[in-house]
């Protein structure tokens, strides 16, 4: 007798997933940027949903992809990949994991690992040979997750100006991995 298995998967996002992704991102950003930005400076769910719908129906590059982690038919996480845009990266061979988000209540269930694996496989299928990801320097959880998966810091760092005035900044470090 076999034991039941969880009904979980990862697939390419559809435009119909935009509301779920927008809601998930809005909630995650409220936590991630709490104390850095006022709540009204972050996109609300409706604004995020419309931005996601537009980006998924009219991507700037065919290699821009949004992947969703599902539990049954419910979106519990998402990842975004595309060509790397850093000046020291080659957009032909270097990809970027632009975002990797799993709902707070769904962490520790393997969704992040499945999303990361699918993102890496997607970037490799698009013939990229290296991937980069910008992590908030103080986000030890994300850095530890990626390091355990074989990513490493590459000494690049930056400071983002979140409000355009220079008074609200966040430091980031870049991680990278080979996709061969």
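Just a yes or no: is a residue in segment 82-92 in contact (Cβ under 8 Å) with a residue 40 or more places away in the chain, closer than 30 Å to residue 7 by Cβ and in contact with a strand residue (DSSP E or B) (Cβ under 7 Å, 6 or more places away or on another chain)?
Step one: list which residues in segment 82-92 are in contact (Cβ under 8 Å) with a residue 40 or more places away in the chain, which gives 83-84, 86, 88-89.
Checking which are closer than 30 Å to residue 7 by Cβ leaves us with none.
No, every residue in segment 82-92 fails to be in contact (Cβ under 8 Å) with a residue 40 or more places away in the chain, closer than 30 Å to residue 7 by Cβ and in contact with a strand residue (DSSP E or B) (Cβ under 7 Å, 6 or more places away or on another chain).
Meeting the requirement of 3 or more residues that are under 19 Å from residue 91 (Cα atoms), touching a residue at least 24 places away in the same chain (Cβ under 8 Å) and under 15 Å from the mean Cα position of the chain (by Cα), the strands (runs of 3 or more DSSP E) wholly within segment 106-180 are 130-136, 169-178. Summed over segment 30-50, residues that are in a helix (DSSP H, G or I), surrounded by 11 or more Cβ atoms within 10 Å (Cβ to Cβ) and in contact with a helix residue (DSSP H, G or I) (Cβ under 7 Å, 6 or more places away or on another chain) total 4. Within segment 76-102, restricting attention to residues that are crowded, with 19+ Cβ neighbours inside 10 Å and farther than 20 Å from residue 143 by Cβ, which residue is nearest to the chain's Cα centre (by Cα)? Residue satisfying both the conditions and the ranking: 82. When residue 53 is tested against the conditions (1) at pLDDT 95 or above; (2) part of a helix (DSSP H, G or I), the lone failure is (1).
Please work out if residue 179 is modelled with pLDDT of 95 or more, touching a helix residue (DSSP H, G or I) at 6+ places or on another chain (Cβ under 7 Å) and over 22 Å from residue 33 (Cα atoms). Break it down stepwise before answering.
Numbers: modelled with pLDDT of 95 or more: yes; touching a helix residue (DSSP H, G or I) at 6+ places or on another chain (Cβ under 7 Å): yes; over 22 Å from residue 33 (Cα atoms): yes.
The answer is yes for residue 179.
Any residue that is free of Cβ contacts under 8 Å to residues at least 12 places away in the same chain and either touching a helix residue (DSSP H, G or I) at 6+ places or on another chain (Cβ under 7 Å) or within 27 Å of residue 158 (Cβ to Cβ) (or both) - is there at least one of those in segment 6-13? No, every residue in segment 6-13 fails to be free of Cβ contacts under 8 Å to residues at least 12 places away in the same chain and either touching a helix residue (DSSP H, G or I) at 6+ places or on another chain (Cβ under 7 Å) or within 27 Å of residue 158 (Cβ to Cβ) (or both).
For residue 88, indicate whether it is part of a loop (DSSP other than H, G, I, E, B) and at pLDDT 95 or above.
yes
Checked against the criteria, residue 27 does not count as more than 22 Å from residue 135 (Cα to Cα) and not in a loop (DSSP other than H, G, I, E, B).
The values are calculated or read from the model by the stated rules, or taken from the named source; none is laboratory data. Since this is a predicted model, take the numbers as computed values, not measurements. Here the Cβ is made from the backbone with ideal geometry for all residues, glycine too, and neighbour counts use every protein chain on show.
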